[in-house]
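Right, one structure below, let's go through it.
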Amino acid sequence: MCSASAKDSVNPLVEITNLTKRYGRLTAVDNVSFSVREGEILGLIGPNGSGKTTLFECIGGVCPAASGTLTRNGQPISARERASLLFYLPDAITPWPAQPVSWAITFMMGLYQGNSSLCDEVVRALDLAPLLNRPMGTLSKGQRKRILLALGLLMPHPLLIADEPFEGLDLRQTREVALALRSYAGPGKRTLLLSIHQISDAARVCDRFVLLSSGKVRGEGTLAELSALAAAHGSAAETDLEEVFLALT
């Protein structure tokens, strides 16, 4: 995990400012602001129903926001720029269920001009070789998740946004996938924005965190920075992410 000092000099890749999404009278995402720094793994942390998926859909351009901006270097990001800047992986999807995994990888690599030099490496890192001839629709949830993460890692977009990347994985698989994600992030590599509801998983892989509760950001920063924020609000100093999250939400 990268230290806070190592990240202080890194410029934001994307800044999200005052993003709001409503469904009728329900405000699912409420005036959310945070930054994604180049080369980091940023974890969007919150329980189910906190607004994580809605927020990701707005950032990914799947769902229009009621208000708010996405900027890079102080300039608004157009729809065309967003399409080349970020790749969004939703949770619980099964694309091309009748097609084998190898076909899906080849198709996506051709469609987005993916990084062919990484293909064999990513297949090994995520243990996909036994699945390559299996139809996508026959895979378990955890197997599909690993395939989708592989597709995301092979895409050329600087920012990969993945909704619940550890959902459906057992403890061993979660640790292996976390190590794989960690190896592909960093300066000169990829930037990852991950939504995670299991706080222990987030603590294992992320550099910084955005804490989301009831559609609102309750804190942003490293564990040390969030612990200091919780202490400033009157809570005891904590070094455990779960306790810090509870203190701030």
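Going by the structure shown, is Arg82 part of a helix (DSSP H, G or I) and closer than 24 Å to Leu13 by Cα? So Arg82 fits the description; yes. Going by what's in this entry, would Leu126 be described as in contact with a strand residue (DSSP E or B) (Cβ under 7 Å, 6 or more places away or on another chain), of a type outside the set (Phe, Trp, Tyr) and without any contact (Cβ under 8 Å) to a residue 60 or more places away in the chain? No, not satisfied. So for the range 86-101 (the condition being over 18 Å from Glu15 (Cβ atoms), touching a Lys or Arg at 6+ places or on another chain (Cβ under 9 Å) and in a helix (DSSP H, G or I)), does at least one residue qualify? Yes - at least one qualifying residue is present in the range 86-101.
Filtering the range 138-168 down to residues that are in contact with a Phe, Trp or Tyr (Cβ under 8 Å, 6 or more places away or on another chain) and part of a helix (DSSP H, G or I), which residue is surrounded by the fewest Cβ atoms within 10 Å (Cβ to Cβ)? Of everything passing the filter in the range 138-168, Gly152 is surrounded by the fewest Cβ atoms within 10 Å (Cβ to Cβ).
Residues checked against (1) touching a helix residue (DSSP H, G or I) at 6+ places or on another chain (Cβ under 6 Å); (2) on the phi > 0 side of the Ramachandran plot:
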{"residue": "Gly168", "(1), (2)": "yes, yes"}
{"residue": "Ser183", "(1), (2)": "no, no"}
{"residue": "Ala202", "(1), (2)": "no, no"}
{"residue": "Arg208", "(1), (2)": "no, no"}
{"residue": "Ala231", "(1), (2)": "no, no"}
{"residue": "Ala236", "(1), (2)": "no, no"}
{"residue": "Ala247", "(1), (2)": "yes, no"}
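Table: residues versus (1) under 17 Å from Leu154 (Cα atoms); (2) surrounded by 14 or more Cβ atoms within 10 Å (Cβ to Cβ); (3) not hydrophobic (A, V, I, L, M, F, W, C).
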| position | (1), (2), (3) |
| --- | --- |
| Thr27 | no, yes, yes |
| Val62 | no, no, no |
| Glu81 | no, no, yes |
| Tyr112 | yes, yes, yes |
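Of all residues in the range 47-61, those satisfying the criterion of being on the phi > 0 side of the Ramachandran plot and either in contact (Cβ under 8 Å) with a residue 24 or more places away in the chain or among the charged types (D, E, K, R) (or both) are Gly51, Gly61. Can you find even one residue in the range 9-20 that is at negative phi, of a type in the set (A, V, I, L, M), modelled with pLDDT under 95 and surrounded by fewer than 21 Cβ atoms within 10 Å (Cβ to Cβ)? Yes, because at least one residue in the range 9-20 is at negative phi, of a type in the set (A, V, I, L, M), modelled with pLDDT under 95 and surrounded by fewer than 21 Cβ atoms within 10 Å (Cβ to Cβ). When the range 187-203 is filtered for residues that are within 21 Å of Tyr88 (Cβ to Cβ), surrounded by fewer than 19 Cβ atoms within 10 Å (Cβ to Cβ) and in contact with a Gly (Cβ under 7 Å, 6 or more places away or on another chain), the ones remaining, listed by number, are Lys189, His197. Determine, yes or no, whether Leu89 is surrounded by 15 or more Cβ atoms within 10 Å (Cβ to Cβ), under 15 Å from the mean Cα position of the chain (by Cα) and closer than 26 Å to Leu211 by Cβ. So Leu89 fits the description; yes. Within the range 92-111, is even one residue under 17 Å from the mean Cα position of the chain (by Cα) and under 19 Å from Phe56 (Cβ atoms)? Yes, the range 92-111 has at least one match.
The values are calculated or read from the model by the stated rules, or taken from the named source; none is laboratory data. Predicted model, so just to flag it, every value in this text is computed and none were measured. Please note: Cβ atoms are built from the backbone with ideal geometry, for glycine as well, and neighbour counts cover all protein chains shown.
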